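The values are calculated or read from the model by the stated rules, or taken from the named source; none is laboratory data. Worth saying up front: this structure is predicted, and the values here are computed from it rather than measured. Quick reminder, even Gly has a Cβ in these numbers, built from the backbone with ideal geometry, and neighbours come from all protein chains shown.
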Amino acid sequence: MVGRNISLYLKQLKNCPGVALCTRGAGGLLPLLAFVLISCSSQRQIATTSQQILQNGQVVRNVQAAQPVLSAQDKRIATQVSGLFTNLVAQHQFSGSVLIAKDGQVLLAKGYGLANWQTNTPNTPLTRFYLGSVTKQFTAMSILILQQEGKLNVHQPLCAYINPCPPPWQPVTIHEVLTHTSGIPELDTSQLLGASPAAWIASFNNAPLAFAPGSEFAYCSVCYQILAYVVQQVSGQPYEQFVQQHILTPLHMGESGFDSDYYYAQSIDANGYSSWQENAEQLGWGNIGPQWSFLFGSGLLYSTVGDLYRWDQALYTNILANQQTRDEAFTSYTDSSLFAGSTYGYGWFITKSPVPGHRLIWHDGEIDGFRTYIGRYIDDDVTVIFLSNLATVDPSTLAQSVQKVIFAGA
């Protein structure tokens, strides 16, 4: 589903010592979670130390240790979920890394299958994967950070922030672009990479809207590239630099980024596979200028399960965005979406948790050779993350299988 149109454009952990996971903000160093590498063998596991998220010296969220004895229920969840993924690997139906957390405690962080069949490199909790459309939530947050800073308003016209702006976009608001209700069509603009970002925008001058803004839902990957372009125009920074400065660095997401040359130069990063042991095309554009990084905004962030757990935990706090801003991101604005029972917020699908009255905020990612998923049961304090380098994985179906284990009896 995710990053469908990305393919139109697409032609370290180096040592064994432990890696600290923390955040940095106005109050100084903000410990979030510490993952300590136990072993560098193919059976590498991660232990966590008990930490608190601090902001301006105040505790804003407790993160419990994963090492203490788990409850019987949590042991059952960890064992059964791990067994589920182990069985899928044996059937050639999964390869990747998984993290399950509950009540601020990591129940399972483990790799399954191989990151690279040519080098026989195993997947571990430290393996990086391309995220596909899970990237969209970072683009949406970038827009919301700019709004929080008073630099834009999502209910203002898109053209207020793009000049010159394609005439068909005049009635469209940023809100409608965020929620896939803009009517902006998907175009193949890959031939414009040798031109300029302004020429890329101008390619939409004669492309009429598919429907009246706000009247329908139509999933639109190129729309999140347009949003990333807005980030560049409003902030005066290339999109990738903005995300790095305002999200990745504050959360110390040191294993996440957009540099495809760096990604493929690392021996432990996941190689994408179109089917079992069949290589997919490598992602990225190579040496394009930073002004083109807005094209990354719909699907070209890479990360690890640990970094995404930092992201998940930060979204319970004011570290990046205040409560009002986070509520905006997690509000349903559509009556439907690509998935039955789910609506759409800003960069997130929204549906019901198995617990009556509770919500699941989620997104999947699909891009050449990779399938990904993050699910946040925000009223149950449960997080499900899996990142796969096997394109035959169905993220939403697999997520439902994991959900049945976690909420058995709910």
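Only a single item in (1) closer than 23 Å to residue 100 by Cα; (2) assigned to a loop (DSSP other than H, G, I, E, B) is not met by residue 306, and it is number (2). Based on what the data block shows, is residue 243 modelled with pLDDT of 95 or more, touching a Pro at 6+ places or on another chain (Cβ under 8 Å), of a type in the set (A, V, I, L, M, F, W, C) and surrounded by 22 or more Cβ atoms within 10 Å (Cβ to Cβ)? No, not satisfied.
Please indicate, with yes or no, whether at least one residue in segment 271-291 is touching a helix residue (DSSP H, G or I) at 6+ places or on another chain (Cβ under 6 Å), closer than 19 Å to residue 125 by Cα and modelled with pLDDT of 90 or more. No, segment 271-291 contains no residue that is touching a helix residue (DSSP H, G or I) at 6+ places or on another chain (Cβ under 6 Å), closer than 19 Å to residue 125 by Cα and modelled with pLDDT of 90 or more.
The set of residues in segment 178-218 that are at positive phi and touching a helix residue (DSSP H, G or I) at 6+ places or on another chain (Cβ under 7 Å) comprises 180, 214. Looking for whichever is at pLDDT below 95 and in contact with a Ser or Thr (Cβ under 7 Å, 6 or more places away or on another chain) here; the options are 55, 118. Which one fits? Answer to the check: 55. Can you confirm whether segment 284-305 contains a residue that is surrounded by fewer than 24 Cβ atoms within 10 Å (Cβ to Cβ), of a type in the set (Gly, Ala, Ser), more than 18 Å from the chain's Cα centre (by Cα) and within 27 Å of residue 93 (Cα to Cα)? Taking every residue of segment 284-305 in turn, none turns out to be surrounded by fewer than 24 Cβ atoms within 10 Å (Cβ to Cβ), of a type in the set (Gly, Ala, Ser), more than 18 Å from the chain's Cα centre (by Cα) and within 27 Å of residue 93 (Cα to Cα). Put simply, of 343, 392 the only residue that is of a type in the set (S, T, N, Q) and more than 26 Å from residue 97 (Cβ to Cβ) is 343.
Candidates are the residues of segment 332-348 that are of a type in the set (Ser, Thr, Tyr) and surrounded by 14 or more Cβ atoms within 10 Å (Cβ to Cβ); the one that is nearest to residue 174 (Cα to Cα) is 346. If you go through segment 183-222 and keep only what is within 15 Å of residue 337 (Cβ to Cβ) and either among the charged types (D, E, K, R) or in contact with a Phe, Trp or Tyr (Cβ under 8 Å, 6 or more places away or on another chain) (or both), you end up with 216, 217, 218. Restricting attention to segment 230-240 and to residues that are more than 12 Å from residue 290 (Cβ to Cβ) and crowded, with 23+ Cβ neighbours inside 10 Å, the residue that is farthest from the chain's Cα centre (by Cα) turns out to be 230. When residue 317 is tested against (1) surrounded by 18 or more Cβ atoms within 10 Å (Cβ to Cβ); (2) of a type in the set (Val, Ile, Thr); (3) assigned to a helix (DSSP H, G or I), exactly one condition is not met: (3). Taken together, 378, 361 contain a single residue that is touching a Lys or Arg at 6+ places or on another chain (Cβ under 9 Å), surrounded by 22 or more Cβ atoms within 10 Å (Cβ to Cβ), modelled with pLDDT of 95 or more and aliphatic (A, V, I, L, M), which is 361. Filter segment 92-138 for residues that are surrounded by 23 or more Cβ atoms within 10 Å (Cβ to Cβ) and of a type in the set (Val, Ile, Thr) and give the result. 98, 100, 106, 124, 127, 134, 135 - these are the residues of segment 92-138 that are surrounded by 23 or more Cβ atoms within 10 Å (Cβ to Cβ) and of a type in the set (Val, Ile, Thr).
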